Amino acid sequence: MKLIRFGQPGREKPGLQLGDGARIDASGFGEDWGERFLETDGLARLAGWAKENAAKAPRVADSERLGSPITRPSKIVCIGLNYADHARETNAKTPEEPVIFFKATTALAGPNDDLPLPRGSVKTDWEVELAVVIGRRARYVAREDALTYVAGYALHNDYSERQDQLERGGQWSKGKSQDGYAPLGPFLATPDELGDTHALPMWLTVNGQSRQKSSTKEMIFDVSVLVSYLSRFMTLLPGDVISTGTPAGVALGMKPAPVYLQPGDVVELGVDGLGRSRQEVVAYS
């Protein structure tokens with residue numbers, strides 16, 4: 001299944017994207033896509049509901065805004081320097097263990113929402129990523145069992161304000177947590193929709209110019225390693241997001257000098273099987 005949420009910010013309704021691309025309103029199911037839904041075997045219950053009701057459910061117009069495909073999670077955990085090509089472009093040492101940081105959950109946004117450039121921002125960067133959404137409570141999970149804890153996957157742009165990240169005390173979360181800096185979606189794809197996550201092509205453009213073009217095969221630590229590793233340090237709750245890192249092509253690694261985002265720029269991105277998203281950069285109002 002492909003789960004969506006649609007409507008104005010703060011008033012989103014649950015929905016599904018069908019195999020032919022049509023979107024339906026799943027409000028009749030009676031639940032939103034969040035922690036409670038996932039921890040009570042919601043995906044299996046939803047599959048049963050869809051089998052009986054998808055054909056007669058109201059259609060969602062293409063013009064409807066899409067929100068994040070899940071409600072606000074308890075945490076957004078991100079992995080730094082997890083692509084070999086990205087480590088090379090930034091002259092960083094390949095990490096021996098996953099590098100962990102957090103994004104504030106208030107950074108969560110819809111996949112096509114405008115990106116409000118923070119006041120005073122001069123170094124806002126893009127990062128196309130594969131996001132993992134946890135499906136059940138995970139603590140001390142073995143690597144061989146890790147994928148059974150995954151509810152699905154989504155496209156994520158891990159926007160970063162590099163000045164705040166690297167020049168304001170060295171605390172990465174400050175550069176990652178601005179409003180709108182975590183656009184997620186357009187949909188949450190259950191694992192059966194995506195299959196193997198080890199070689200998914202991924203791309204990002206700025207104003208139509210290619211900036212990132214790589215594959216998840218460049219990952220240093222794969223999804224099963226990350227879920228198992230993180231569960232050693234914290235309890236992962238249903239709905240929690242793990243953003244698994246970005247490949248080469250970010251502004252920070254540009255030669256001879258970075259060119260960061262400005263109001264009016266348009267960023268588009270995608271991961272095979274997870275759709276595409278688009279954000280227009282605007283001044284913070």
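Among the residues of segment 240-253, is any touching a strand residue (DSSP E or B) at 6+ places or on another chain (Cβ under 6 Å), of a type in the set (D, E, K, R) and in a loop (DSSP other than H, G, I, E, B)? Yes, some residue in segment 240-253 is touching a strand residue (DSSP E or B) at 6+ places or on another chain (Cβ under 6 Å), of a type in the set (D, E, K, R) and in a loop (DSSP other than H, G, I, E, B). In segment 57-64 there is no residue matching the filter, namely being without any contact (Cβ under 8 Å) to a residue 60 or more places away in the chain, open to solvent by 40 Å² or more (accessible area, probe 1.4 Å) and in a helix (DSSP H, G or I).
Is at least one residue of segment 3-13 at pLDDT 95 or above, assigned to a loop (DSSP other than H, G, I, E, B) and among the polar types (S, T, N, Q)? Checked segment 3-13: at least one residue is at pLDDT 95 or above, assigned to a loop (DSSP other than H, G, I, E, B) and among the polar types (S, T, N, Q).
Within segment 198-227, being open to solvent by 10 Å² or more (accessible area, probe 1.4 Å), farther than 19 Å from Pro238 by Cα and among the hydroxyl-bearing types (Ser, Thr, Tyr) holds for Thr205, Ser210, Ser214, Ser215. Total residues in segment 81-115 satisfying the condition of being within 17 Å of Leu130 (Cβ to Cβ), in contact with a Gly (Cβ under 7 Å, 6 or more places away or on another chain) and in a strand (DSSP E or B): the figure is 3. Of all residues assigned to segment 218-225, at least one qualifies as being assigned to a strand (DSSP E or B) and either more than 22 Å from Leu108 (Cβ to Cβ) or aromatic (Phe, Trp, Tyr) (or both). Among residues of segment 270-285 that are more than 16 Å from Asp192 (Cα to Cα), those with a beta-carbon under 9 Å from a residue that is open to solvent by 80 Å² or more (accessible area, probe 1.4 Å) and of a type in the set (Lys, Arg) at least six positions away or on a different chain give the pairs Gly270/Arg276; Ala283/Arg119; Tyr284/Arg119.
For every residue, the table says whether it meets (1) more than 22 Å from Met202 (Cα to Cα); (2) among the β-branched types (Val, Ile, Thr); (3) open to solvent by 20 Å² or more (accessible area, probe 1.4 Å); (4) in contact (Cβ under 8 Å) with a residue 12 or more places away in the chain.
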{"site": "Ala109", "(1), (2), (3), (4)": "no, no, no, yes"}
{"site": "Asp113", "(1), (2), (3), (4)": "no, no, yes, yes"}
{"site": "Ile134", "(1), (2), (3), (4)": "no, yes, no, yes"}
{"site": "Gly152", "(1), (2), (3), (4)": "no, no, no, yes"}
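Cβ-Cβ distances below 6 Å connect the following pairs, each with a first residue in segment 255-268 that is in contact (Cβ under 8 Å) with a residue 24 or more places away in the chain, a second residue that is open to solvent by 30 Å² or more (accessible area, probe 1.4 Å) and of a type in the set (Val, Ile, Thr), and a separation of six or more residues or different chains: Pro263/Val282.
Among the residues making up segment 1-42, those that are in contact with a Ser or Thr (Cβ under 9 Å, 6 or more places away or on another chain), of a type in the set (Lys, Arg) and surrounded by 18 or more Cβ atoms within 10 Å (Cβ to Cβ) are Lys2, Arg5.
Please indicate, with yes or no, whether at least one residue in segment 165-185 is crowded, with 20+ Cβ neighbours inside 10 Å, touching a residue at least 24 places away in the same chain (Cβ under 8 Å), on the phi > 0 side of the Ramachandran plot and not in a strand (DSSP E or B). Yes, that holds for at least one residue.
The values are calculated or read from the model by the stated rules, or taken from the named source; none is laboratory data. These numbers come from a predicted model, not from an experiment. Methodologically, a virtual Cβ is constructed for each residue, glycine included, from the backbone with ideal geometry; neighbour enumeration extends over all protein chains shown. All accessible areas refer to the heavy atoms of the entire protein, side chains included, with ligands and DNA or RNA removed. Shrake-Rupley method; radii C 1.70, N 1.55, O 1.52, S 1.80 Å.
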